[in-house]
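First the structure, in the form of structure tokens, and then the observations on it.
The values are calculated or read from the model by the stated rules, or taken from the named source; none is laboratory data. All figures in this text were calculated on a predicted structure; none of them were measured in a lab. Quick reminder, even Gly has a Cβ in these numbers, built from the backbone with ideal geometry, and neighbours come from all protein chains shown. Just the protein is used for accessible areas: all its heavy atoms, side chains included, with ligands, DNA and RNA removed. Shrake-Rupley method; radii C 1.70, N 1.55, O 1.52, S 1.80 Å.
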Amino acid sequence: MTTARRPGPYNFVYPVILDPQTGRILLVRRHEPAGPCWTVPRVPVRAGATYRRAAMRFLRRRLQLPPVRIAPVVGRLFAVDDVDKRGYVVLVLPARDSWKDKPGRMLGPDARWWAVSELRSERAAVEPTQVLDLVDGYREGWLPDGETSLV
């Protein structure tokens, strides 16, 4: 008799590409029945890897971005369906002052740069919704460095 194994807990990371000069974030439109939703890639974190390493691997290998750095402010999410699953939101910045290449083309034709204020004023659906507060907190300096809960 074979028993079904329940997959173990896993983590994931949302890398949010941020332009430090303009404060805009790069989001991709996902088509939903209720209307469009703007989101960032959800990257699984392999067992034994850190969320930072998973984000860097995705950004360098899959998107082929130039050297990047991750901001010291990191948001922590918990999955609604399982308290053992954790997600992290990291803010990705260019290694130098600005992006030489346009990272938007790496995410496809539905990618667009947005200012957080534009998203809020248009009441655009964003997933995860906490991304906007994390970006504001980082840019305005009211979030401390390190992990912070976004629940």
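Tabulated data for the structure shown
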read-out	value
Unique match (being touching a Lys or Arg at 6+ places or on another chain (Cβ under 8 Å) and modelled with pLDDT of 85 or more) among Tyr10, Tyr14	Tyr14
Residue match in segment 111-133 (condition: under 16 Å from Val28 (Cα atoms), surrounded by 12 or more Cβ atoms within 10 Å (Cβ to Cβ) and among the aromatic types (Phe, Trp, Tyr))	yes
Selection from segment 79-94 of residues that are under 14 Å from the mean Cα position of the chain (by Cα) and open to solvent by 20 Å² or more (accessible area, probe 1.4 Å)	Arg86
Residues located in segment 29-76, provided they are within 16 Å of the chain's Cα centre (by Cα), farther than 21 Å from Asp145 by Cα and not basic (Lys, Arg)	Cys37, Trp38, Thr39, Val40, Pro41, Val43, Pro44, Val45, Phe58, Leu59, Leu63, Leu65
Verdict on Ala47 being part of a loop (DSSP other than H, G, I, E, B), of a type in the set (A, V, I, L, M, F, W, C) and open to solvent by 70 Å² or more (accessible area, probe 1.4 Å)	yes
Unique match (being hydrophobic (A, V, I, L, M, F, W, C) and out of contact with any helix residue (DSSP H, G or I) (no Cβ under 8 Å at 6 or more places or on another chain)) among Trp113, Trp99	Trp99
Members of segment 16-44 found to be out of contact with any helix residue (DSSP H, G or I) (no Cβ under 9 Å at 6 or more places or on another chain) and either open to solvent by 50 Å² or more (accessible area, probe 1.4 Å) or more than 19 Å from Val89 (Cβ to Cβ) (or both), listed by number	Gln21, Thr22, Arg29, Arg30, His31, Glu32, Pro33, Ala34, Gly35, Pro36, Arg42
Within segment 60-151, helices (runs of 4 or more DSSP H) holding 2 or more residues that are modelled with pLDDT of 90 or more	116-121, 131-140
Condition check for Thr22: within 19 Å of Val135 (Cβ to Cβ), modelled with pLDDT of 90 or more and of a type in the set (Ser, Thr, Tyr)	no
